[in-house]
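Worksheet: one structure, shown below.
The values are calculated or read from the model by the stated rules, or taken from the named source; none is laboratory data. On a predicted model such as this, the values are computed, not experimentally measured, just so you know. Every residue, glycine as well, gets a Cβ built from its backbone with ideal geometry; the counts of neighbours run over all protein chains shown.
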């Protein structure tokens, strides 16, 4: 089941992201992860109504959170940026990731959002974005010091 996240779940969601950081290919994220700052970010997304959790057998097994902002090229159009998406590895064979994305898409449509940005780590196992209408738009490079 996918539903909107509640404020009291901010820390649980942040801890899921902390688990995700362990498999990310970003050295800085592993070395200086801040549970406090991540919890604050998740809480902000929950306040905006842009955070969902996937729950199985009473346990939160996945999450998606995003933020809305104005498009820098338009005076009126808004866009949403997906900030975090994670589903526990043992729960990835089901539909949790796809259901989280579908709720995100539904909310974007209800808000009349013109552009939805989704960036995922190359380790992501969610391969159905193109089936949901997403197209590759950019390639992200990183340089770590």
task = Answer with yes or no whether residue 104 is out of contact with any helix residue (DSSP H, G or I) (no Cβ under 9 Å at 6 or more places or on another chain) and crowded, with 17+ Cβ neighbours inside 10 Å.
result = yes
task = Mind listing just one residue for me: the one in region 82-119 that is under 14 Å from residue 63 (Cβ atoms) and not in a helix (DSSP H, G or I) and, of those, modelled with the lowest pLDDT?
result = 92
ask   = Which condition does residue 65 not pass, out of (1) assigned to a strand (DSSP E or B); (2) closer than 21 Å to residue 131 by Cα; (3) over 11 Å from the mean Cα position of the chain (by Cα), if it passes all the others?
value = (3)
remark   = Those residues of region 26-62 which are in contact (Cβ under 8 Å) with a residue 12 or more places away in the chain, farther than 21 Å from residue 104 by Cα and within 18 Å of the chain's Cα centre (by Cα) amount to 26, 33, 35
message = For region 63-90, give me the residue count where each residue is within 14 Å of residue 20 (Cβ to Cβ) and either surrounded by 17 or more Cβ atoms within 10 Å (Cβ to Cβ) or touching a residue at least 40 places away in the same chain (Cβ under 8 Å) (or both).
response = 10
inquiry  = So, residue 19, is that one under 27 Å from residue 113 (Cβ atoms), in contact with a strand residue (DSSP E or B) (Cβ under 9 Å, 6 or more places away or on another chain), surrounded by fewer than 17 Cβ atoms within 10 Å (Cβ to Cβ) and at pLDDT below 95 or not?
reply    = no
